[in-house]
Every structure is written in structure tokens, then in C-alpha cells.
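Asker: Have a look at this one before I ask anything.
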């Protein structure tokens with residue numbers, strides 16, 4: 001009897017070191033790393049075999065679908081309604097037909113690495129469905145390369161590692177390669193001190209990150225100087241988290257946000273700054289936009305006793321609260337009999 005494969009992978013919230021994780025930027029800065037944590041909003045994939053060669057792709061959250069009579073038909077197609085799914089299918093070269101359904105638990109353009117989490121979930125399901133086993137680093141490499149094909153610009157590293165492994169982690173970015181390191185931080189301690197909200201406006205991380213990357217490679221001294229600062233902040237952030245120094249964590253979030261805003265005018269928006277100002281008036285210690293900024297989600301560092309006042313203030317400003325827990329596990333795949 002054929003099996004139906006289900007997979008899921010969590011999105012992440014970045015604390016420090018964002019954009020530094022795009023190759024080759026991290027090679028130019030000492031002790032490059034990013035620090036993030038996976039949260040309980042998941043991208044999901046379901047693959048069910050068919051009796052014919054038809055390959056049907058369905059995105060529940062985007063409300064899009066497309067169908068191809070065979071793998072060969074996908075390979076010959078010039079345009080796709082669901083390009084990431086189509087290109088991942090081509091990369092795995094499955095035999096036989098199937099229906100793939102995907103869904104995302106985070107808003108589109110949230111700055112939480114949702115497309116990368118979806119990418120890892122799909123790769124995990126396709127790996128099991130096709131019987132092509134890849135070690136996590138190789139699966140991440142494939143996912144990253146295919147996403148770059150779809151976006152047309154380089155992609156970062158951190159989103160794939162949080163989706164693959166979950167938890168609170170630092171992703172070390174070195175000339176010898178990229179490696180993730182789980183941090184000895186209590187999940188409950190961190191989740192009690194953060195608020196996440198969605199601005200209601202999606203953003204395109206590829207645009208902001210690409211503009212910043214070009215400026216760096218073109219030798220923009222201001223951008224290079226800010227990246228040196230961002231790298232230093234990320235290293236300090238790791239130490240502050242491991243020491244449970246929450247005042248220092250908040251300070252570093254503020255410094256990271258100030259440094260990143262100087263890299264591109266589209267990173268901060270009037271709406272984001274309005275939310276940050278409202279939260280600070282009600283006791284928030286620090287805040288920053290998630291991902292590349294320009295919209296999406298905003299993270300706030302708080303004292304636990306101030307949570308209710310800050311949440312009310314954010315809702316009054318029109319933000320959508322996103323209650324969170326740390327996702328301790330990354331990619332999960334399981335099979336059920338069809």
C-alpha cells in the first residue's frame with residue numbers, strides 16, 4: 001500500500017546578525033554569526049501518490065494550484081504559478097504522479113523565514129517520497145540553491161537551519177562552512193520576555209537584502225561599518241542569552257535595529273516606528289523588525305509583568321498579535337498508509 005507523507009518545519013524570529021548570513025558577506029567580518037529562535041508557526045506539506053503520472057501542486061495559503069501531466073511537462077514549462085514547488089519537484093525527479101499540498105502558519109511576507117520553512121518542509125516530504133536520502137546540510141544546500149533560482153537573488157543561511165533543527169540557536173558563519181549550535185537557554189525564559197506582532201503589511205526580503213548586499217560588495221564604507229557592528233552585536237547577543245542577562249539582550253536588540261536601519265532606507269517604515277514608539281511608552285525594553293524589515297512582523301523585548309499593557313497598546317495601533325512558543329523541534333516527516 002502506498003504511503004502519504006506529511007511534513008512540517010517551523011519559522012523563526014531573528015534576534016541578531018540578520019543579512020550577515022548571505023554568502024559571501026559573512027566572510028568579510030570577524031566572528032560572523034546569526035542568533036535566532038524557531039517558533040510554533042509551521043509550514044506544512046502533504047504528498048499523496050496518484051495512479052497516473054499527473055503532478056498536481058496546491059498551495060492552500062496562496063489559494064493557487066497547477067497541474068502537469070508528467071515530470072517531463074514540468075521540465076519543459078517556462079512559467080509556473082507555484083515556482084518554488086515546481087522547481088523542488090524538478091530537483092528531486094520523482095517517479096510517478098502525486099498531489100502535493102502546502103500551507104503556511106505564518107502570514108505572507110512576515111519576515112519570519114516562511115518561504116524557507118516551506119522549502120525545508122517540501123524537501124523533507126519529497127526526500128521521503130522519492131527515497132532520496134540527504135543529510136541535513138545537503139538538504140539545506142539544495143533548498144537554498146532552489147530558492148535562489150526562484151528569487152533571482154542570493155539567499156541567507158539562517159532560515160534553513162532554524163527550520164531544520166528548531167530551538168534557540170546560533171548559526172556560525174565561517175570560511176570552513178556554516179554550522180548551527182543549540183544555545184543553553186530556557187525556552188520559557190525567552191518566550192516570557194518577547195511579544196511578536198504582524199504589521200499587516202508584507203515585505204519582500206529579497207529586495208532589501210539585495211540592495212544592502214550590492215552596497216557592501218561595491219565597497220560602501222558606511223554599510224561595511226554597520227555590518228562590522230552587526231557581527232559584534234550578534235556575538236555579544238549569544239553571550240547575553242547564555243548568561244540570561246535580559247537587560248543586555250534588550251540593549252543588543254536596540255543596537256542591532258539601529259545598525260540595520262542605517263543600511264537601507266526601506267528597512268524601517270513609519271508604521272513600524274509607530275508600533276515601536278507605542279510599545280516603548282507602555283514599558284517595552286527594545287524592538288526590531290523581523291527579517292529584512294520594510295513591513296512584516298516586529299519583535300518586542302519586554303518585562304513579563306508589562307505584557308498585557310503592551311499588547312493592548314499594539315492592538316490599538318492596528319497590529320495583529322502572534323502568541324508564540326519556542327519550537328524545540330525542527331523538520332518532522334511522517335508517513336501514513338494511503
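The rows are residues; the columns are (1) surrounded by fewer than 17 Cβ atoms within 10 Å (Cβ to Cβ); (2) more than 30 Å from residue 186 (Cβ to Cβ).
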residue	(1), (2)
21	no, no
56	yes, yes
99	no, yes
104	no, no
121	no, no
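Asker: Considering only strands (runs of 3 or more DSSP E) fully contained in region 72-189, which possess at least 1 residues that are more than 25 Å from residue 233 (Cα to Cα) and in the same structural domain as residue 288 (by TED's automatic domain parsing)? Walk me through how you get there before you give the answer.
Answerer: Numbers: elements: 98-104, 168-174, 177-182.
In region 72-189, there are no strands (runs of 3 or more DSSP E) which contain 1 or more residues that are more than 25 Å from residue 233 (Cα to Cα) and in the same structural domain as residue 288 (by TED's automatic domain parsing).
Asker: Any chance region 184-194 includes a residue that's exposed (fewer than 15 other Cβ atoms within 10 Å of the Cβ), more than 30 Å from residue 313 (Cα to Cα) and at pLDDT 90 or above?
Answerer: Yes, region 184-194 contains a residue that is exposed (fewer than 15 other Cβ atoms within 10 Å of the Cβ), more than 30 Å from residue 313 (Cα to Cα) and at pLDDT 90 or above.
Asker: To continue, here is another question. Could you please let me know if residue 101 is over 17 Å from the mean Cα position of the chain (by Cα), without any contact (Cβ under 8 Å) to a residue 60 or more places away in the chain and at negative phi?
Answerer: yes
Asker: Additional query: Return the residue satisfying two criteria in turn: it lies in region 287-317 and is touching a strand residue (DSSP E or B) at 6+ places or on another chain (Cβ under 7 Å) and at positive phi, and of such residues it is surrounded by the fewest Cβ atoms within 10 Å (Cβ to Cβ).
Answerer: Step one: list which residues in region 287-317 are touching a strand residue (DSSP E or B) at 6+ places or on another chain (Cβ under 7 Å), which gives 287-291, 296-302, 307, 310-311, 314-315.
Add one more test, that the residue is at positive phi, and what stays is 291, 296.
On the way: 291: 29, 296: 27.
The extreme case among them is 296.
Asker: Strands (runs of 3 or more DSSP E) wholly in region 245-338 with at least 3 residues that are touching a residue at least 12 places away in the same chain (Cβ under 8 Å) and more than 19 Å from the chain's Cα centre (by Cα) - which ones? Explain how you work it out, then say what you get.
Answerer: On the way: elements: 286-289, 297-301, 332-337.
Output list reads 332-337.
Asker: Could you go through region 66-75 and let me know if any residue there is within 21 Å of the chain's Cα centre (by Cα) and on the phi < 0 side of the Ramachandran plot. Break it down into steps so the answer makes sense when it comes.
Answerer: Pass one, region 66-75, residues within 21 Å of the chain's Cα centre (by Cα): none.
Looking for residues that are within 21 Å of the chain's Cα centre (by Cα) and on the phi < 0 side of the Ramachandran plot, one finds none in region 66-75, hence no.
Asker: Which residues, taken from region 169-183, are in contact with a strand residue (DSSP E or B) (Cβ under 8 Å, 6 or more places away or on another chain), surrounded by fewer than 24 Cβ atoms within 10 Å (Cβ to Cβ) and more than 17 Å from residue 144 (Cα to Cα)?
Answerer: If the condition is that a residue be in contact with a strand residue (DSSP E or B) (Cβ under 8 Å, 6 or more places away or on another chain), surrounded by fewer than 24 Cβ atoms within 10 Å (Cβ to Cβ) and more than 17 Å from residue 144 (Cα to Cα), then 181, 182, 183 are the ones that fit.
The values are calculated or read from the model by the stated rules, or taken from the named source; none is laboratory data. Everything quoted here is computed from the prediction, not taken from an experiment. Note that each Cβ is placed from the backbone with ideal geometry, even for glycine, and that neighbours are counted across all protein chains shown.
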